[in-house]
Amino acid sequence: MIPREILKKIRQIEIRTNRLVSETLAGQYHSVFKGQGMNFDEVREYQPGDEVRSIDWNVTARMNHPFIKKFVEERELTLMLLVDASGSGRFGSCGQSKRELAAEIASVLAFSAIRNNDKVGLILFTDEIEKFIPPRKGRRHVLRVIREVLFFEPRRRGTNLNSALEFLMRVTPHRAIAVVISDFIGSSAATMSRHSEKSRPQMMLLESLAQASFTMLRQANRRHDVVAVRIADRYELELPALGRLVLNDAETGEIVEINTGDERKRTAFAERQARAQTDLVKLFRSAGIDAIQLRTDLPYGVELARFFETREKRRLRG
């Protein structure tokens, strides 16, 4: 039996996301994520305005009257949600954690998918694969996906995007829409060793993807349609002026003391995080991956709509 408070939380997310899906995103989702081809539907008589190239000349010759071939889109797609369940996702300074926002984004995309008769699957990952839910259709299935994103208790705290992408390619043989929802934070030992002890407080909250992850992202994007949804909190981008703080890294357990009252340190931190943001955007662009940048303190509907509109314009131009 699922506890009442969990059911209430899931229902609240469904209600909040339903209007956005109904009024805007379900139709945009259909336009942006197209099927894999066209299937023959029927032959019918030619009508003024029909595309001349669609005329079936064999039937036209037999019937002595123009007929056209009608095709329908092979619509059914698979949406795979790769959601980062590492320790850093529990952070949130505005009443909503990054993991809670991830659940809302997963809800919006999943409900858009099932309204278009697509399947939805889930891969929850840390530095290992924590849970896999095979793709299925239906509202009850989507509610289960939301529940797992919100309340699943992972065994590990770290992040390994490579293993998640490798697992995706093993379990999803056919082309799918693969949406990676993550803060893309991870501090490897190699990265840490390149920085002095003095600089470590400035780099502990945000590390861009390593070159190995870039290679795997590019490989995954060749087989699937990969979209990156990056979720950040404002205090990962700029430090508040609160004096001396003791910070605990949610993924490594490392404890660092930093004086946030020092304006120079706050400025250096913000500049470093801005560079990391820029590097991350460049990495996605180099891998040919569309990316959405979201924050826990800002509405996400506008950014999602802008992403769909931009992608639709690019598809029409192409």
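In the list (i) 29, 49, 20, 2; (ii) 29, 50, 16, 4, 0; (iii) 32, 54, 13, 0, the label attached to P(r) over Cα pairs in 20 Å bins from 0, in percent as derived from the coordinates here is (ii). Quick one: angle between helix 4-20 and the longest Cα principal axis of the chain, in degrees between 0 and 90, rounded to 10, please. Roughly 60 degrees, rounded to the nearest 10. Residues in region 155-162 carry Karplus couplings, in order, of 7, 10, 10, x, 9, 9, 5, 4 Hz; the curve used is 6.51 cos²θ - 1.76 cosθ + 1.60 with θ = phi - 60°, and Gly or Pro positions show x.
Normalised by the number of residues in the chain, the mean separation of alpha-carbon contacts (under 8 Å, six or more apart) gives a relative contact order of 17 percent. Counting neighbouring Cβ atoms within 10 Å and putting the fewest first, the residues F308, F151 line up as F151, F308.
Highest-first packing order for the peptide set 233-245, 120-132 is 120-132, 233-245, based on the mean count of other beta carbon atoms within 10 Å. Taken as Cα centroids, region 221-293 and region 116-140 sit 27 Å apart, rounded to the nearest whole angstrom.
Taking label points 7 Å from Cα along the Cα-to-Cβ direction, R218 and A268 give a separation of 3.4 nm.
Among I177, I255, a tally of other beta-carbon atoms within 10 Å of each Cβ gives an order, fewest to most, of I255, I177.
Nearest 0.05, what FRET efficiency do L247 and R90 give at R0 = 22 Å with Cβ-Cβ as r?
Efficiency computed from Cβ-Cβ geometry: 0.95.
Computed from point charges on the beta carbon alone (+1 for Lys and Arg, -1 for Asp and Glu), the dipole magnitude for the chain about its Cα centre is near 360 Debye. Comparing A276, S86, H141 along the charge dipole axis of the chain, the residue lying farthest to the positive side is H141, per the Cβ-charge model.
Among the listed pairs K9/K137; K137/K282; K9/K282; K8/K119; K8/K131, a Cα-Cα separation exceeding 27 Å is found for K137/K282; K9/K282.
Coordinate-derived values only; no laboratory data. All values reported here derive from a predicted model rather than from experimental measurement. Backbone-built Cβ (ideal geometry, glycine too); neighbour counts: all protein chains shown.
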